[in-house]
Structures are given as C-alpha cells and as structure tokens.
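Worksheet for the structure shown next.
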Amino acid sequence: MCPVPATIEELVDLLDLERLEEDLYRGGHPTDSDLTRVFGGQVAAQAL
C-alpha cells in the first residue's frame, strides 16, 4: 500500500512540479515507496 503524506508540507512537495522546458514538467513520487507508477489522482492534482 502506498504511504499517505503525513503533513501538508509533504503533500505540497509531492505535488510540486519541476519545469524542464516550456510545456514540459516532471513530477515526483513518494520517496519511501517502492512503486514505480503514479496514480490518476496525483496526476490530476498536479495538472490543476
């Protein structure tokens, strides 16, 4: 099961995007998870 961020700061850090170039961004994933995918809810939140 994927860990849930314990604080608002952890959630904001998780949803923060790194701008690589115009119209190209990279998002993060929980560092304490061994999952290699992100789920739709996280992607939707990052898009907003």
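Counting each pair of different Cα atoms once, what's the Kirkwood radius of the chain in Å, rounded to one decimal?
Computed over Cα pairs of the chain, the Kirkwood hydrodynamic radius comes out at 11.6 Å.
Could you work out what % of the accessible surface of the stretch 8-47 is carbon and sulfur, using a 1.4 angstrom probe and leaving DNA, RNA and ligands out of the count?
Within the stretch 8-47, the accessible surface is 52 percent carbon and sulfur.
Output wanted: per-residue J couplings in Hz (rounded whole) for the stretch 6-23, from phi through Karplus 6.51 cos²θ - 1.76 cosθ + 1.60, θ = phi - 60°, x for Gly and Pro.
7, 10, 4, 4, 5, 5, 5, 4, 5, 8, 5, 10, 9, 7, 8, 6, 4, 6
If the only charges are +1 at each Lys and Arg Cβ and -1 at each Asp and Glu Cβ, what is the size of the charge dipole of the chain around the Cα centre, to the nearest 20 debye?
220
Cβ under 12 Å from E10's Cβ, E10 left aside: what net charge do those residues give with Lys, Arg +1 and Asp, Glu -1?
Neighbour charge sum, excluding E10 itself: -4.
The values are calculated or read from the model by the stated rules, or taken from the named source; none is laboratory data. Quick caveat: nothing in here was measured; it's all calculated off a predicted structure. Cβ atoms come from the backbone with ideal geometry, glycine included; neighbour counts cover every protein chain shown. The area values use the complete protein model at the heavy-atom level, side chains included, leaving out ligands, DNA and RNA. Shrake-Rupley method; radii C 1.70, N 1.55, O 1.52, S 1.80 Å.
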